[in-house]
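Novice: Please find one structure pasted underneath; my questions will follow.
What follows draws every value from the coordinates through simple rules; no lab data is involved. In this text the structure is predicted, and so the values were computed from the model without any measurement. Here the Cβ positions follow ideal geometry from the backbone for every residue, glycine too, while neighbour counts run over all protein chains shown.
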Amino acid sequence: MAAVTPDQLHGHHAPRGVMRWLTTTNHKDIGTMYMIFSFIMFLSGGVLALTIRAELFKPGLQVVQPEFFNQLTTMHGLIMVFGAIMPAFVGFANWMIPLMIGASDMAFARMNNWSFWLLPPAAILLIGSFFAPGGATAAGWTLYAPLSVQMGMGMDLAIFAIHIMGVSSIMGAINIVVTVLNMRAPGMTMMKMPLFCWTWLITAYLLIAVMPVLAGAVTMILADRHFGTSFFNAAGGGDPVMYQHIFWFFGHPEVYIMILPAFGIVSQIIPTFSRKPLFGYASMVYATASIAILSFAVWAHHMFATGMPAAGQLFFMYATMLIAVPTGVKVFNWIATMWRGSLSFEPPMLWATGFIFVFTIGGFTGLICAIAPIDIQVQDTYYVVAHFHYVLVAGSLFALFAGAYYWLPKWTGHMPSESLGKLHFWCSMVFFNLTFFPMHFLGLAGMPRRIPDYALQFADFNAIASVGAFGFGLSQLIFIVVVVKCIRGGERAAARSWESAEGLEWTVPSPAPHHTFEEAPVVR
Amino acid sequence: MGRAGRIAALCLASSVSLAHAEPHARYNLQQPVTGIAEQINDMHTLMLLICLIIFVGVFGVMFWAVFNHRKSKGAVAAHFHENTAVEIAWTIIPVLILLGMAWPATKTVIAMKDTSNPDLTVKATGYQWKWGYDYLQGEGEGIRFLSALSTPREQIEGGAPKGDAYLLEVDNPLVVPVGKKIRVLLTANDVIHSWWVPAFGVKQDAIPGFIRDTWFRADKEGVYRGNCAELCGRDHGFMPIVVQVLSAEKYAAWVAEQKAKAAATASAAPSAEADSAPATAPDKG
């Protein structure tokens, strides 16, 4: 293939060993590092989650004390959101966007290196804060003032970690925007772009828009903590609720930052294994853009219990309900793609189909939460915990696994084990539902979230959830086995690793050589 | 009837009401005792039904395809990838369904916000980690006390068997008359707390430096229990809310008792501080 040049790494005087990874500007190396990093963070956040579930296995305090419990819930949230899910999607973007649009690398290759290498120090600050005097921040991942102003030094470490990860995200996002807009192969118009590139382009704009808002919010907390300001202190003329407005102005688009690339991955996989083109490509693009735009007008639905005026509650309720429309369009499009296709269920397709099924349950509970009076009843209960794990775990995480199984042949040159992939899927699916479905009941019946101990009527569902959580956690070890086996050997993958996979990434050999598309391919 | 007797009666009443309420609160929202909570329950049931119907419809189609349009069954892929009419339909129809959902919700939102003309106004103040109640206006004006968790530490740490109202019991519950509109003003002393009684359909954040309000009108006598619903630090899980709803006569008697106690305290103030202030009331165990 003319577009591909052989691997030149060995011919060059390129650095070897650690220096190779520290200095690399190659989008594939950086993508790989992003993914390894995010998986390590996923396991760390998982250990915290399992400690939480161990404590909640039965009523009473057995494993941890309340203050440390609050540190666990807080750090679990921060690590999973900023350390696991977001960097994992950036890793996918790094690996796949240049391959999908026929570019030789990301637009700003050195900045790419820098945006990755900011992450490990941020992670060290974040996780290291457990060892600071007073422990890690225990104010919840939302870091609401004034509670976050009361925290010890761990809070400052978390703030700096968020700053650094924010800078990394913004640089990553700028890189993606510039790459997608300027480096597409000749003939690849915007509306011919793979949907994964579209969803990431829109996500990148969201990141650039809202990460500075988060940086502002946590900086104001820092100032309130140490420099005598009163942004969120009523006694000094501030307002604690203002923090929540600023935080959720970031926080709600953030939710879509974590799910839109997942939509993109699933939109790549479903057509491949349905052997049929994606239904409603254009409407997928418009739906993604609508979700992104609406995401800026719904933030206060996280704050119905703060006591907004009726007009405010109604506005945010209506706007939130509207999001169901473009999200519904996406689900309908995927199912229409499968309809009258020629389906087969290799692991990527299993995960993608599972994603549609379980994510949609999260979508329904999202709609129920959008109704302000119902939300006032379930806000800050386990119902909300169930809801957002259905969209974040069964949504984002399942899509990430779908994507990993789909592109592992391209990354490693070997097909992932089908039987292990299926085992991983079914274990995850069963244990995920065992963990999170009972939480709906707990929330409805009145169990608040973020509590280390609970009333006796919640005991049985909590026990079930804890058993499910340990099952889910252990199931993820299967994925490590799959990846290690895949790297070390296995069935050789063809350039087009899946029978009817479409797209430029399948025109380069598997594994993708170190440098691809040094000469741009031409898209008809 | 002394303090101990009252507390014993309260414990009995609470264990009865808990046993009674439990079957309802297992898979669903708690049994409502206010009009608003009733509306929320009905709306939740309606939403659940609509979602269930859509769920069955959408996933019926998907699983039909999953089982029948399989390559292994010889399915050959069709090649359609657009259908403007269908795409418009599945955009418009959801909008109509949403409008149907928004209508009852809007009415409830407006009703929840109407705190006018209360019979009794109580201020609830969130502290780390207990609640303070001040009866500001109406029958019982001037009563004030603190309300803290009364579950003994040994039960939490596993040294003693857990009681029926484990973690949902307080030393001094909020006492209100049945059938009367109670307006609750909320604020906090330190960080944000949230005053939540599920059976009333009431959850309102208590924000330091600001006053927010909400209301309820309990239709049935009984003891109703809730929790602080906003993370507020170490003992966030240990500051429950207990509301005792009494008949008009019993409420009047309770008010008289409180007033008498306050008067006795005032006259004996210099010598007997220790056993009068609710904040330092001995644990009932």
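Novice: May I ask for the longest run of chain A untouched by GluC sites (Glu not before Pro) that are loop-located per DSSP and have at most 15 neighbouring C-beta atoms (other than their own) within 10 Å? It would help to have the intermediate numbers written out before the result.
Specialist: Working: sites that count: A:E491, A:E499, A:E502, A:E518, A:E519.
In chain A, the maximal stretch lacking such sites is A:1-490.
Novice: On a straight-distance basis, which lysines could pair with A:K330 in a cross-link, Cα separation under 19 angstrom, same-chain partners fewer than 8 positions away excluded?
Specialist: Leaving aside lysines fewer than 8 places away in the same chain, those within reach of A:K330 are A:K192, A:K276.
Novice: How large is the helix-only mean residue ellipticity at 222 nm for chain A, computed as the sum of -39500 (n - 2.57) over DSSP H runs with n ≥ 4, divided by its residue count, in deg cm²/dmol to the nearest 500?
Specialist: On the way: 19 runs with 341 residues, N = 524.
Estimated from H runs of four or more residues: -22000 deg cm²/dmol.
Novice: How high is the relative contact order of the stretch A:216-268? Use alpha-carbon pairs under 8 Å, at least six apart in sequence, and give a whole percent. Don't skip to the end; give the middle numbers.
Specialist: Values: 28 pairs, mean separation 10.0, N = 53.
Dividing the mean separation by the residue count of the stretch A:216-268 yields 19 percent.
Novice: Under the definition of Cα pairs under 8 Å and six or more residues apart, what whole-number percent is the relative contact order of chain A? Each step should come with its number before you reach the end.
Specialist: On the way: 866 pairs, mean separation 105.0, N = 524.
Across chain A, relative contact order equals 20 percent.
Novice: Name the residue, out of B:V109, B:V170, B:V242, whose mean-square fluctuation peaks in a Gaussian network model built on chain B with Cα pairs under 10 Å.
Specialist: It is B:V109.
Novice: Quickly estimate the mean residue ellipticity at 222 nm for chain B, helices only: each DSSP H run with n ≥ 4 gives -39500 (n - 2.57), and the total goes over all residues, rounded to 500. Walk me through the numbers on the way to the answer.
Specialist: Numbers: 5 runs with 108 residues, N = 285.
-13000 deg cm²/dmol, from helical runs alone.
Novice: To continue, here is another question. With springs only between Cα atoms under 10 Å, which of B:D205, B:D164, B:D213 fluctuates most in a Gaussian network model of chain B?
Specialist: Evaluated over chain B, the most mobile residue of the options is B:D164.
Novice: Among A:T32, A:F42, A:T74, which residue has its Cα furthest toward the positive end of the charge dipole of the stretch A:18-138, with +1 on Lys/Arg Cβ and -1 on Asp/Glu Cβ?
Specialist: So the residue furthest toward the plus end is A:T32.
Novice: For A:L434, B:L231, what ranking results if the residue with the fewest other Cβ atoms within 10 Å of its Cβ goes first? List each step's numbers first, then the result.
Specialist: Working: A:L434 17, B:L231 25.
Ascending number of Cβ neighbours within 10 Å: A:L434, B:L231.
Novice: Compute for the stretch A:306-368: radius of gyration divided by Kirkwood radius, i.e. Rg/Rh, restricted to C-alpha atoms, rounded to two decimals.
Specialist: Values: Rg = 16.4 Å, Rh = 13.9 Å.
With Rg and the Kirkwood Rh in hand, the quotient comes to 1.18.
Novice: Which of A:M106, B:P173, B:V245 sits closest to the plus end of the dipole of the protein assembly as shown, meaning its Cα is farthest towards the positive end, when Lys and Arg get +1 and Asp and Glu get -1 on the C-beta?
Specialist: A:M106
Novice: Sticking with this one: Give me A:V483, B:V86 ranked fewest to most by other Cβ atoms within 10 Å of their Cβ, as a rough exposure proxy.
Specialist: Working: A:V483 21, B:V86 14.
Ranked by crowding around the Cβ, least crowded first: B:V86, A:V483.
Novice: Based on the alpha carbons, how large is the Rg to Rh ratio for the stretch A:334-380 when Rh follows Kirkwood?
Specialist: Working: Rg = 15.6 Å, Rh = 12.8 Å.
Rg/Rh: 1.22.
Novice: Normalised by the number of residues in the stretch B:17-134, what is the relative contact order in percent for Cα pairs under 8 Å and 6+ residues apart? Walk me through the numbers before you get to the answer.
Specialist: Working: 32 pairs, mean separation 23.0, N = 118.
So the answer I get is 19 percent.
Novice: Okay, moving on. Quick one: Debye curve from the alpha-carbon atoms of the stretch B:41-165 only, equal weights, vacuum; give me log10 I(q)/I(0) at q = 0.17, 0.18 Å⁻¹ to two decimals.
Specialist: Evaluating at q = 0.17, 0.18 Å⁻¹ gives log10 I(q)/I(0) of -1.08, -1.12.
Novice: Using the Cα centre as the reference, give the magnitude of the dipole from point charges on the C-beta atoms of the protein assembly as shown (Lys, Arg: +1; Asp, Glu: -1; all else neutral), rounded to the nearest 20 debye. Each step should come with its number before you reach the end.
Specialist: Working: 48 positive and 48 negative charges, 312 e Å.
Roughly 1500 debye, rounded to the nearest 20.
Novice: Could you tell me what fraction of 2.2 N^0.38 Å the Cα radius of gyration of the stretch A:189-246 comes to, as a two-decimal ratio? The partial results should precede the final answer.
Specialist: Details: Rg = 17.9 Å, N = 58, 2.2 N^0.38 = 10.3 Å.
Against the empirical 2.2 N^0.38 Å value, I get 1.74 for the stretch A:189-246.
Novice: Let me ask you something else. Evaluated at 25 °C with a viscosity of 0.890 mPa s, what Stokes-Einstein diffusion coefficient in µm²/s does the protein assembly as shown have when Rh comes from the Kirkwood expression over alpha-carbon pairs? Each step should come with its number before you reach the end.
Specialist: Details: Rh = 28.1 Å.
Using the Kirkwood radius from Cα pairs, D works out to 87 µm²/s.
Novice: While we're on this one: Under the classification rounded if a/c is under 1.5, otherwise prolate if a/b is larger than b/c and oblate if not, where does chain B fall, given a ≥ b ≥ c as square roots of the Cα gyration tensor eigenvalues? Numbers along the way, then the final one.
Specialist: Details: a/c = 2.85, a/b = 2.21, b/c = 1.29.
Prolate shape, in that a/c is at least 1.5 and a/b is the bigger ratio.
Novice: For the pairs B:K162/B:K203; A:K28/B:K71; B:K123/B:K180; A:K58/A:K422, flag any whose C-alpha to C-alpha distance is greater than 22 Å. Before the final figure, lay out each step's value.
Specialist: Working: B:K162/B:K203 27 Å; A:K28/B:K71 34 Å; B:K123/B:K180 16 Å; A:K58/A:K422 32 Å.
The pairs that break the limit, which is 22 Å between Cα atoms, are B:K162/B:K203; A:K28/B:K71; A:K58/A:K422.
Novice: If exposed means no more than 15 neighbouring beta carbons inside 10 Å and the site is in a DSSP loop, what's the longest run of chain B without any exposed chymotrypsin sites (Phe, Trp or Tyr not before Pro)?
Specialist: Details: sites that count: B:Y27, B:F80.
My reading of the result: B:81-285 is the longest stretch.
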